[in-house]
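Since the structure comes first, as C-alpha cells, the remarks are kept for the end.
Nothing in this text is a laboratory measurement; each read-out follows from the coordinates by a stated rule. In this text, all values refer to a predicted model and were calculated from it rather than measured experimentally. Counting neighbours? That spans all protein chains shown, and the Cβs are built from the backbone with ideal geometry, glycine included.
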C-alpha cells in the first residue's frame with residue numbers, strides 16, 4: 001500500500017446552534033484560518049475543519065421557543081455560520097454538521113465499539129446539570145449559590161438511566177501522556193489546571209440521555225440518544241473520514257490533528273474526555289490542544305440577555321474583514337482574555353492600518369512612480385537591496401511565531417518593520433535626495449519596493465485581501481517585462497472619522 005502523505009490538520013470546535021455567530025466564534029475560526037493560510041503559503045497541504053453542533057436539549061428548546069423544529073432551526077443557524085465565515089474570508093476545507101447522516105452513522109459505530117470493549121456500560125445517575133452548556137457538574141465545581149461556572153445559572157438535578165463512559169480507567173494513561181508530551185495542552189498555565197484536575201481523580205461520565213429526543217439514537221438501545229458532547233467531540237475523526245472497520249487513506253492523510261483550537265471554557269472536554277475516547281478507540285491523540293481566552297465587550301462579558309453580543313458582520317460593514325482580522329490578533333496575545341472595543345478598533349485602524357501601513361505603501365509607490373522612470377524593480381538588486389536582505393532574516397521568526405500561535409508577536413515584528421521603513425523614508429528625505437543624488441534615491445526606492453513585497457507576504461495569513469491588493473499593485477509574479485509600471489494607488493485603508 002503506498003504511503004499516505006500527512007496533511008497539516010487544524011480544527012475549531014463545533015459551534016452550538018442556539019447562538020448566532022459572534023466575535024467569540026470568529027476569534028477561534030480566524031485563528032485556525034491564519035494558521036492554515038500560513039502553512040499553505042509555505043507549501044504544506046492543509047486540512048482545516050470547522051462546523052456546527054446541532055443536537056441536544058438546548059437546541060430543541062431554543063427552536064421550540066421560536067416556533068421551529070430543531071432541524072429547521074439548525075439549518076438556519078448553520079447557514080448563518082457559513083455566511084459569516086465567507087464574509088470573514090475563512091478558507092476551510094470541511095464544514096461538518098452533526099446532523100449529517102455520515103457523522104451520525106460513525107458516532108453510532110464509535111459508541112458500539114466502546115460498548116463492546118466494556119468502556120461504555122449501562123447504569124443510572126442523579127447529577128447536577130446545566131442546560132445552557134449541556135454539562136454535568138460536581139458540587140465542588142459550582143459557584144456560590146449553586147451556579148454553573150460558565151453561564152452563572154442555577155443547575156438542576158437530573159436523574160435518569162444512562163450509559164457511562166469509563167473515564168476513570170484512563171486517569172493514569174492521561175497523566176502519562178501529559179508528562180510525555182509537554183506541548184500537548186497549551187498555554188502552559190491551562191495545562192497545569194488540567195493535570196491537577198485529573199490528579200484529583202476522575203469519575204465515569206454519562207454519555208447517553210433518555211429524556212432528550214433530539215439526538216443520535218444509540219443503535220443497540222434506541223430509547224437512549226447519544227449525549228451531545230460525546231456526539232460533538234467525535235466530529236474531529238468523523239469529518240476526517242474515520243470508519244470503524246479500518247483506517248481509510250483519507251483518514252490517514254489527516255489524522256492525528258496537529259492543532260485543536262478551543263475556548264478555555266471547553267478545554268476540559270477536549271483535554272480529558274476526548275483523549276480518553278481516542279485511547280478507547282485505539283486512535284492516536286492530537287498533537288496539540290490550545291485553549292484561548294474570552295472576549296469581553298466594552299468591559300462586560302458577552303451575553304444575549306445584556307444585548308452586547310457583537311456580530312462579525314456589523315464590524316465588517318464598518319471596517320472591512322481584514323481590519324477586523326488584524327485587530328483581533330493585534331489587540332491581545334492569543335491565549336489571554338481580551339476586551340473588544342469599537343473605539344480600540346477605530347484607533348488601531350486609523351493609526352496602524354491607515355497611517356502606518358497604508359501611508360507607507362502609498363508613499364513608496366508614488367515615489368517609485370515619480371523617480372524610477374515609472375517602472376517598479378523586477379527583482380532585488382544586490383547593490384540596492386540592503387534593507388531587504390536584512391529584513392528577510394525575519395521570515396523564520398515570523399513563521400515560528402505563527403506556527404506556535406504567537407500571533408501578536410508575529411504582528412509586532414511586521415509592524416516593527418513597517419515603522420522602520422517609514423522612519424527610513426523620513427531619514428533619507430527622498431525629495432531632497434532626488435536633487436542631490438538621483439542614483440542613490442533610485443537604489444533606495446528599489447529597496448523599499450522589495451521590502452513592501454516582503455511585508456505583503458507576511459500579512460497574507462492575517463489580511464489576505466490586503467496582501468493580494470498590495471501584490472497586484474506591485475505586480476508580483478510578472479516575469480515577462482524588464483520592469484512593471486506601478487498602478488494608480490488607492491488608499492489601502494481610508495481613514496475613519
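Structural remarks
- Percent of beta bridges antiparallel (DSSP, the chain, rounded to nearest 5): 50 percent
- Summary of packing: across the peptides 361-372, 120-131, the per-residue average of other C-beta atoms within 10 Å ranks them, highest first, as 361-372, 120-131.
- Cα-Cα separations in region 1-146 greater than 23 Å, expressed as whole percent: 54 percent
- Along principal axes, Cα extents of the chain, largest first, whole Å: 88, 57, 40
- For the chain: relative contact order, % (alpha-carbon pairs under 8 angstrom, 6 or more apart): 16 percent
- Its Kirkwood hydrodynamic radius, worked out from the mean inverse distance over all distinct Cα pairs, puts region 374-443 at 14.1 Å.
- Packing rank of 58-68, 193-203, 430-440, where each peptide gets the mean count of other beta carbons within 10 Å, highest leading: 58-68, 193-203, 430-440
- Residues 317, 446, arranged from fewest to most other Cβ atoms within 10 angstrom of their Cβ, appear as 317, 446.
- P(r) of region 164-229 over all Cα-Cα pairs, binned every 10 Å from zero, in whole percent: 19, 34, 25, 21, 1
- Protection proxy ranking of 282-293, 213-224 - average other beta-carbon atoms within 10 Å, highest first: 282-293, 213-224
- Region 342-473: relative contact order as a whole-number percent, Cα under 8 Å and 6+ apart: 34 percent
- The chain - mean residue ellipticity at 222 nm from DSSP helices (-39,500 (n - 2.57) per run, n ≥ 4, rounded to 500): -13500 deg cm²/dmol
- Distance from the alpha carbon centroid of region 270-289 to that of region 413-479 works out to 47 angstrom.
- All alpha carbon pair distances within region 342-473 were sorted into 5 Å bins beginning at 0; the resulting P(r) in whole percents reads 2, 10, 19, 23, 20, 13, 8, 4, 1, 0.
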